[in-house]
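*Asks:* Following this message is one structure expressed as structure tokens.
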Amino acid sequence: MRILHLADTHLGYSAYRKVTEDGVNQREIDVYDAFTQCIDYALKTKPDLVLHAGDLFDSVRPTNRAITIAVQQILRLSKENIPFIVISGNHETPKLKETGNIFTIFEHLDYVYPIHNNRYETISLKTGDETVCIHAIPQCQNPEEFETNLKKITLDKNADFNLLLAHGAVAGIKEFKMNEFNELFIPVKNLKQDFDYIALGHYHMYTKIQENAFYAGSTERLSFTEADTQKGCLEIDLGKKLKHRFIPLKTRMMVDAPLLDCSTLRIEQIVQKVKEIIHEIDPKDKIIRIRLENITGHIQAGIDFHQIRELGKTATHFEVKTIIVKTDKETLSEGYKMKSLADEFEKFLTTQPISEKKMLLSLGFHYIHKIEEEKKT
């Protein structure tokens with residue numbers, strides 16, 4: 001039996017300002033393209049079934065465009081009589097059951113099996129002379145409900161193959177989590193060796209958990225934490241021994257440049273090093289982040305960021321983040337955000353080696369308040 005396992009396609013996801021000639025967010029199109037590549041591969045190789053381990057959509061209420069792409073691509077499988085089993089993940093599952101799940105639109109499509117009712121369900125299929133039972137657990141309303149459903153799993157002894165399809169963060173020796181507010185945890189003890197294969201979703205990196213359990217990973221890079229990871233889907237062959245093959249997808253390159261320590265650098269040295277980084281990356285059509293760490297406020301203020309952004313203007317997205325150097329009364333912060341003038345003045349005084357701080361602070365607050373009041377009139 002051959003299976004194609006994919007997950008976390010996040011249809012409808014969009015990011016950054018770049019748009020296509022048609023005015024559609026470029027990253028949204030990239031995500032659709034990655035999903036389409038998976039379907040293209042399925043139609044080319046004709047697996048016995050396709051498993052999607054959750055987060056087909058990026059949100060509870062996907063756009064009409066996202067829904068259209070999903071239906072169009074899934075129908076391509078349906079017309080070829082290729083079963084498509086998909087469970088609802090944490091991104092598309094509503095907090096309230098009364099809201100209804102978008103997966104209901106798939107319920108009347110041939111060879112399509114959407115699982116979204118917050119409970120453990122099984123799907124028994126026959127492919128050729130072999131039978132398979134898919135044990136599916138979608139996103140649940142809370143951890144207790146999820147744990148209860150995990151305990152209900154019972155292997156079908158009459159089936160030739162038993163598969164587990166689940167969406168969540170495996171917790172054991174290591175936690176494979178995404179740090180999202182509604183993620184659910186799957187105890188590693190529930191990943192039984194008795195299953196012929198366990199198809200997991202939620203964790204965005206392709207990962208082998210154990211001999212019969214894998215995360216396929218997301219089909220596109222959705223954050224800079226995924227910049228160095230290859231995206232794709234998994235081809236599984238359940239013969240006498242489980243064989244797996246990672247199928248890479250063609251996705252937009254994302255580059256998270258190594259941190260640049262600015263603690264001993266002058267303004268012109270920082271700018272020169274950033275220019276060298278940009279030249280080495282070749283920004284055209286890429287998603288790029290450059291981070292400057294241990295940089296003081298006055299050094300940052302002297303950098304011509306407009307000039308730097310011009311060098312990266314051919315990128316799909318280009319950003320420079322500064323990590324302000326730590327002082328006695330501030331912690332490292334990602335990016336520099338100006339607070340109120342009074343707050344900034346107080347922060348500045350704390351860093352100065354002067355004895356009249358209280359008097360200067362009081363005098364400064366007086367004049368700041370006076371100016372702010374004048375602006376109101």
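*Asks:* Out of (1) surrounded by 17 or more Cβ atoms within 10 Å (Cβ to Cβ); (2) touching a residue at least 12 places away in the same chain (Cβ under 8 Å), what's the single condition that is false for Ile29?
*Replies:* For Ile29, the failing item is (2).
*Asks:* How many residues does the range 81-110 hold that are part of a loop (DSSP other than H, G, I, E, B) and either closer than 30 Å to Phe185 by Cβ or out of contact with any Phe, Trp or Tyr (no Cβ under 7 Å at 6 or more places or on another chain) (or both)?
*Replies:* Summing the residues that are part of a loop (DSSP other than H, G, I, E, B) and either closer than 30 Å to Phe185 by Cβ or out of contact with any Phe, Trp or Tyr (no Cβ under 7 Å at 6 or more places or on another chain) (or both) in the range 81-110 gives 16.
*Asks:* Same structure, new question: Are any residues in the range 111-124 in contact (Cβ under 8 Å) with a residue 24 or more places away in the chain and part of a loop (DSSP other than H, G, I, E, B), and if so, which ones?
*Replies:* Within the range 111-124, Tyr111, His116, Asn118, Arg119, Tyr120 meet the criteria.
*Asks:* Identify, please: which residue in the range 145-166 is open to solvent by 50 Å² or more (accessible area, probe 1.4 Å) and either among the acidic types (Asp, Glu) or touching a Ser or Thr at 6+ places or on another chain (Cβ under 8 Å) (or both) and is, among those, farthest from Gly128 (Cα to Cα)?
*Replies:* Here the residue is Glu147.
*Asks:* Looking at Ala171 and the list (1) open to solvent by less than 50 Å² (accessible area, probe 1.4 Å); (2) in contact (Cβ under 8 Å) with a residue 60 or more places away in the chain, which single condition is not satisfied?
*Replies:* With (1) open to solvent by less than 50 Å² (accessible area, probe 1.4 Å); (2) in contact (Cβ under 8 Å) with a residue 60 or more places away in the chain applied to Ala171, the lone miss is (2).
*Asks:* Here's another thing I want to ask about it. Taking the range 48-80 on its own, how many of its residues are part of a loop (DSSP other than H, G, I, E, B) and open to solvent by 10 Å² or more (accessible area, probe 1.4 Å)?
*Replies:* Qualifying residue count for the region: 8.
*Asks:* While we're on this one: Looking at Val50, Val60, which one is aliphatic (A, V, I, L, M) and either touching a Ser or Thr at 6+ places or on another chain (Cβ under 6 Å) or at pLDDT 95 or above (or both)?
*Replies:* Answer to the check: Val50.
*Asks:* Within the range 349-377, restricting attention to residues that are at pLDDT 70 or above and surrounded by 12 or more Cβ atoms within 10 Å (Cβ to Cβ), which residue is nearest to Gln300 (Cα to Cα)?
*Replies:* Within the range 349-377, the match that is nearest to Gln300 (Cα to Cα) is Thr351.
Each row is one residue, and each column tells you yes or no for (1) open to solvent by less than 30 Å² (accessible area, probe 1.4 Å); (2) without any contact (Cβ under 8 Å) to a residue 24 or more places away in the chain; (3) more than 28 Å from the chain's Cα centre (by Cα).
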site	(1), (2), (3)
Leu234	yes, no, no
Lys241	no, yes, yes
Ile247	yes, no, no
Val271	yes, no, yes
Ile277	no, yes, no
Arg291	no, no, no
Ile295	yes, no, yes
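Residue by residue, here is whether (1) part of a loop (DSSP other than H, G, I, E, B); (2) out of contact with any helix residue (DSSP H, G or I) (no Cβ under 9 Å at 6 or more places or on another chain); (3) closer than 20 Å to Thr127 by Cβ holds:
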{"position": "Leu222", "(1), (2), (3)": "yes, no, no"}
{"position": "Thr225", "(1), (2), (3)": "no, yes, no"}
{"position": "Gln230", "(1), (2), (3)": "yes, yes, no"}
{"position": "Cys233", "(1), (2), (3)": "no, no, yes"}
{"position": "Asp237", "(1), (2), (3)": "no, yes, yes"}
{"position": "Lys240", "(1), (2), (3)": "yes, yes, yes"}
{"position": "Lys243", "(1), (2), (3)": "no, yes, yes"}
{"position": "Leu265", "(1), (2), (3)": "yes, no, no"}
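The values are calculated or read from the model by the stated rules, or taken from the named source; none is laboratory data. All of these numbers come straight from a predicted model, not from anything done at the bench. Heads up, the Cβs are rebuilt from the backbone with ideal geometry, glycines too, and the neighbour counts pull from every protein chain shown. These area figures cover heavy atoms from the full protein model, side chains too; ligands, DNA and RNA do not enter into them. Shrake-Rupley method; radii C 1.70, N 1.55, O 1.52, S 1.80 Å.
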